[in-house]
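Report on the structure given below.
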Amino acid sequence: MVCTMLFTSCLTSKKLDKQVSKQYSDRQQPQKKKQDDYISITSGLTSITDKISISETKTSNVLPLLVYWSWDYKNTCTINPQIPINNFTATVLNTAKKGLKEKLNGQKLELTVDKIPNRFAIDDKAHVVFLIMYGVSWENVSIKTENADMVVSYRILKDNIETKNGTIIIPNPNDKKHLGMFKSWKKRYFFLSNRKLTYYSDPTMKEEKGTMDVREVTVIPAKRAVEGHTVIQIFTPARTLLIYCEGSAGELQSWIDAISACK
């Protein structure tokens with residue numbers, strides 16, 4: 001009887017879905033197709049259900065002692081991907097009004113959302129101490145978002161002929177793997193030519209360590225310094241590189257500009 005009272009007092013998956021439904025009930029349907037002739041946004045992501053969200057409850061690490069109980073009560077909620085896609089579409093279209101058409105200069109931009117975070121978890125770590133006639137309880141509740149990046153493919157067309165394409169990776173700001181701890185920095189010497197970025201282990205550039213097609217990479221400045229260095233992140237289909245320049249900040253920016261100009 002006490003066990004039933006304790007567990008049913010927690011947030012259930014049905015209650016969580018109900019709260020999510022109140023928040024996003026008006027954002028589930030796909031947005032009406034815009035008639036803009038210079039930008040379009042699509043996605044192949046689909047949901048297995050018409051529901052706004054699907055939540056699952058899992059209880060673990062139960063410790064039922066004589067006078068002390070503890071347990072982890074976790075609700076994982078998966079939101080219909082159409083909702084974050086609609087949010088992304090509305091944001092991009094609103095931003096596009098601020099001069100994008102002029103910058104495209106008669107070209108058309110096609111965006112495809114390949115991956116978008118749509119999951120979060122509410123983790124409730126509960127504790128109860130039973131006294132003679134009553135109990136004392138406390139909880140530590142945390143909300144964790146999905147550890148995933150957002151991936152958007154793009155194409156630029158001129159007179160229905162593709163002139164440029166690529167992939168944009170927007171890293172999860174809570175994911176420390178992009179700016180995490182490193183065993184050591186490795187010195188590399190870079191050479192950019194014919195849309196190929198090649199790096200070597202020595203200044204004579206005799207021992208090649210790797211190469212990448214700059215049309216397939218995304219280069220962005222890191223949001224914070226790493227070990228006191230101003231760094232840039234280079235996202236490739238296979239890996240992420242974290243690079244800092246021994247020269248000035250202006251020299252680092254010149255590398256970003258040069259790579260961007262090759263696309």
* To do: Inspect all residues belonging to region 107-123 and state whether any of them is modelled with pLDDT of 90 or more, part of a loop (DSSP other than H, G, I, E, B) and over 30 Å from Leu16 (Cβ atoms).
  => yes
* Structure fact -> Pairing a residue in region 138-151 that is closer than 29 Å to Ile85 by Cβ and not assigned by TED's automatic domain parsing to the domain that holds Ile85 with any residue that is acidic (Asp, Glu) and surrounded by 14 or more Cβ atoms within 10 Å (Cβ to Cβ), where Cβ atoms lie under 6 Å and the two sit 6 or more apart in sequence or on different chains, gives none
* To do: Tell me which of these Val141 doesn't satisfy, since it passes every other one: (1) under 26 Å from the mean Cα position of the chain (by Cα); (2) among the hydrophobic types (A, V, I, L, M, F, W, C); (3) surrounded by 16 or more Cβ atoms within 10 Å (Cβ to Cβ).
  => (3)
* **Filter result for Thr12 (at pLDDT below 80 and in the same structural domain as Glu146 (by TED's automatic domain parsing))** => no
* To do: Please indicate, with yes or no, whether at least one residue in region 110-122 is farther than 20 Å from Gly166 by Cα, buried (at least 18 other Cβ atoms within 10 Å of the Cβ) and touching a Leu at 6+ places or on another chain (Cβ under 8 Å).
  => yes
* Structure fact -> Given the conditions (1) in contact with a Leu (Cβ under 6 Å, 6 or more places away or on another chain); (2) free of Cβ contacts under 8 Å to residues at least 60 places away in the same chain; (3) crowded, with 16+ Cβ neighbours inside 10 Å, every one holds for Ser53 apart from (1)
* Among the candidates Pro64, Pro81, residue that is surrounded by 17 or more Cβ atoms within 10 Å (Cβ to Cβ) and in the same structural domain as Asp159 (by TED's automatic domain parsing) -> Pro81
* Could you tell me whether Thr76 is among the polar types (S, T, N, Q), within 24 Å of Lys15 (Cα to Cα) and either modelled with pLDDT of 85 or more or buried (at least 18 other Cβ atoms within 10 Å of the Cβ) (or both)? => yes
* Asked: When you go through Ile52, Ile48, Ile41 one by one, which is the residue that is modelled with pLDDT under 85, farther than 16 Å from Ile122 by Cβ, assigned by TED's automatic domain parsing to the domain that holds Thr89 and not acidic (Asp, Glu)?
  -> Ile48
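The values are calculated or read from the model by the stated rules, or taken from the named source; none is laboratory data. None of these values were measured; they are calculated from a predicted model. No Cβ is skipped: glycine too gets one built from the backbone with ideal geometry, and neighbour counts run over all protein chains shown.
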